[in-house]
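Only one structure is covered here, and it is reproduced in the block below.
The values are calculated or read from the model by the stated rules, or taken from the named source; none is laboratory data. This one's a predicted model, so the numbers in the text were calculated from it and none came from an experiment. With ideal geometry, Cβ positions are generated from the backbone for all residues, glycine too; neighbour counts draw on all protein chains shown. Each accessible area value is taken on the protein alone, full model and side chains, heavy atoms only, with ligands, DNA and RNA left out. Shrake-Rupley method; radii C 1.70, N 1.55, O 1.52, S 1.80 Å.
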Amino acid sequence: DAKTTQPNSMESNEEEPVHLPCNHSTISGTDYIHWYRQLPSQGPEYVIHGLTSNVNNRMASLAIAEDRKSSTLILHRATLRDAAVYYCILRDIYNFNKFYFGSGTKLNVKP
Amino acid sequence: NAGVTQTPKFRILKIGQSMTLQCTQDMNHNYMYWYRQDPGMGLKLIYYSVGAGITDKGEVPNGYNVSRSTTEDFPLRLELAAPSQTSVYFCASISGEGSYEQYFGPGTRLTVT
């Protein structure tokens, strides 16, 4: 199963942009890149996903490297409510049943 | 819609006891999942189901059993509880093959002593 590598923790100031990196050097051509986040004492929630092109939605942007071996989740203006653990996950479209979560990045947002 | 609901929220078991964690979704999703999350760690997949009557193992299935008799319900059974099963358990669902958003329940915090 393809693996992802993320920093254990990051810190940001409120209302500043945050760039959360993820390395996935063994990604295959059929792997989608998903991001989920887990707020304290809650289950994870979907943030964004992509295959090759950069993606934007109301929560965040996803920038995918041209070789797809890395990606970056961008929160354009961090708020205190964005403090969470962010997980980068690869999901094979032919083995779509399974989501493999790594350890994630714990984001701390300072006021 | 209530989404994905789990019961109980908390439970303390003695070593060797058994219990069933309940999970129900009202979104008519075909795919359902059970994960466990140990303190400070990410989620590990225990079992999953692609529809009523069909289940399969994930990464860490030992010590657990599941069944899926209806689309809505996906209970997780712990037999002979062990301290290593102390964890937070999350149930999740997703509608189908083309779907990308997994919906999670609030979790069940289980302690085995």
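How large is the charge dipole for region B:41-80, taken about the Cα centre, if only the Cβ atoms of Lys, Arg (+1) and Asp, Glu (-1) carry charge, to the nearest 20 debye? List each step's numbers first, then the result.
Numbers: 4 positive and 5 negative charges, 17 e Å.
Approximately 80 debye in magnitude.
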> Straight-line reach from A:LYS98: which lysines have Cα under 21 Å away, leaving out those fewer than 8 places along the same chain?
Replying inline: A:LYS3, A:LYS69, B:LYS44, B:LYS57
> Counting Lys and Arg as +1 and Asp and Glu as -1, each charge on the Cβ, what is the dipole of region A:38-111 about the Cα centre in debye, to the nearest 20?
Replying inline: 200
>> Please check region A:76-111 for residues whose accessible area, probe 1.4 Å, is lower by 20 Å² or more when all protein chains are in place than in their chain alone.
In response: A:TYR87, A:ARG91, A:PHE96, A:ASN97, A:LYS98, A:PHE99, A:TYR100, A:PHE101, A:SER103
> Roughly how many percent of the accessible protein surface of chain A is carbon and sulfur, given a 1.4 Å probe and a whole-percent answer?
Replying inline: 46
> Within the accessible area of chain B, what % is carbon and sulfur when the probe is 1.4 Å and the other protein chains stay in place?
Replying inline: 50
> Say we join alpha carbon atoms closer than 10 Å with springs in a Gaussian network model of chain B; which of B:GLY96, B:GLY40, B:GLY16 then has the biggest fluctuation?
Replying inline: B:GLY40
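Any idea of the accessible area per residue across the protein assembly as shown, 1.4 Å probe, to the nearest Å²? Please report the intermediate quantities before stating the final value.
Details: 10960 Å² over 224 residues.
With the other protein chains kept in place, the protein assembly as shown gives 49 Å² per residue.
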> Relative contact order for chain B: what is it in percent, counting Cα pairs under 8 Å that are at least 6 residues apart?
Replying inline: 36
> What does the charge dipole of the protein assembly as shown about its Cα centre add up to, to the nearest 20 debye, if the Cβ of each Lys and Arg holds +1 and the Cβ of each Asp and Glu holds -1?
Replying inline: 560
> Chains B and A: buried accessible surface, both sides, probe 1.4 Å, rounded to 100 Å²?
Replying inline: 1700
